[in-house]
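Asks: Pasting in a structure now, in structure tokens, and then I'll have a few things to ask.
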Amino acid sequence: MFELIQEVVYKVTGKTNITYETDFVKDLELSSFDIMNIICEFEDRLDVTIPERDVWQIHQVKDIFDYMEKRGIVYP
């Protein structure tokens, strides 16, 4: 899953060197538009829908892991 996150973040933003603790806004200086594009890419790749209200709870890379785990979403 971490490789998928790295790949998606790079594809959407061109940013590299992320860690489990990386904050999308503070560390990567991403805009809300960038974050929404990242979420859309996850939705496409994992064939899921992430409600907008949930998107704003995702601040760090680890939040993506927690979100997916709580909802039983697995990346093959």
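The values are calculated or read from the model by the stated rules, or taken from the named source; none is laboratory data. Please read all numbers here as calculations on a predicted model, not as lab measurements. All Cβ positions, even for glycine, are placed from backbone atoms using ideal geometry, and neighbour counts span all protein chains on display.
Asks: Return yes or no: is Arg45 surrounded by 11 or more Cβ atoms within 10 Å (Cβ to Cβ) and touching a residue at least 40 places away in the same chain (Cβ under 8 Å)? Outline the logic, then answer.
Replies: Working: surrounded by 11 or more Cβ atoms within 10 Å (Cβ to Cβ): yes; touching a residue at least 40 places away in the same chain (Cβ under 8 Å): yes.
Yes: the conditions hold for Arg45.
Asks: Oh, and also: Suppose we filter the range 5-34 for residues that are out of contact with any strand residue (DSSP E or B) (no Cβ under 7 Å at 6 or more places or on another chain) and outside any loop (DSSP other than H, G, I, E, B); how many remain?
Replies: Result for the range 5-34: 12.
Asks: Within the range 66-76, work out how many residues are in contact with a Leu (Cβ under 9 Å, 6 or more places away or on another chain) and either modelled with pLDDT of 90 or more or not in a helix (DSSP H, G or I) (or both).
Replies: Of the residues in the range 66-76, 3 are in contact with a Leu (Cβ under 9 Å, 6 or more places away or on another chain) and either modelled with pLDDT of 90 or more or not in a helix (DSSP H, G or I) (or both).
Asks: I'm told Asn37 meets every condition in (1) exposed (fewer than 12 other Cβ atoms within 10 Å of the Cβ); (2) modelled with pLDDT of 90 or more; (3) assigned to a helix (DSSP H, G or I) except one. Can you identify the failing condition by its number?
Replies: Going through the list (1) exposed (fewer than 12 other Cβ atoms within 10 Å of the Cβ); (2) modelled with pLDDT of 90 or more; (3) assigned to a helix (DSSP H, G or I), Asn37 breaks only (1).
Asks: Which pairs do you get when a residue that is farther than 21 Å from Asp47 by Cβ, found in the range 1-21, comes within reach of a residue that is in a helix (DSSP H, G or I) and of a type in the set (A, V, I, L, M), reach meaning Cβ atoms under 6 angstrom, with the pair 6+ apart or on two chains?
Replies: Lys15/Val9; Ile18/Val9; Ile18/Val61; Tyr20/Val61
Asks: Looking at the range 48-62 only, could you name the residues that are surrounded by 14 or more Cβ atoms within 10 Å (Cβ to Cβ) and either under 17 Å from Leu30 (Cα atoms) or among the polar types (S, T, N, Q) (or both)?
Replies: Within the range 48-62, Val55, Ile58, His59, Gln60, Val61, Lys62 qualify.
Asks: So the check is Cβ under 6 Å with 6+ separation or different chains; which pairs have a first residue in the range 48-68 that's within 14 Å of Ile35 (Cα to Cα) and without any contact (Cβ under 8 Å) to a residue 12 or more places away in the chain and a second one that's surrounded by fewer than 12 Cβ atoms within 10 Å (Cβ to Cβ) and not aliphatic (A, V, I, L, M)?
Replies: As it stands, the answer is none, since no pair meets every condition given.
Asks: Of all residues in the range 45-65 being outside any loop (DSSP other than H, G, I, E, B) and within 11 Å of the chain's Cα centre (by Cα), which is farthest from Thr22 (Cα to Cα)?
Replies: As a first pass, look at the range 45-65 and keep what is outside any loop (DSSP other than H, G, I, E, B): 45-46, 52-55, 60-65.
Now restrict to residues that are within 11 Å of the chain's Cα centre (by Cα): 55, 60-65.
Values: Val55: 16, Gln60: 5, Val61: 6, Lys62: 8, Asp63: 10, Ile64: 11, Phe65: 12 Å.
Once the filter is applied, the top-ranked residue is Val55.
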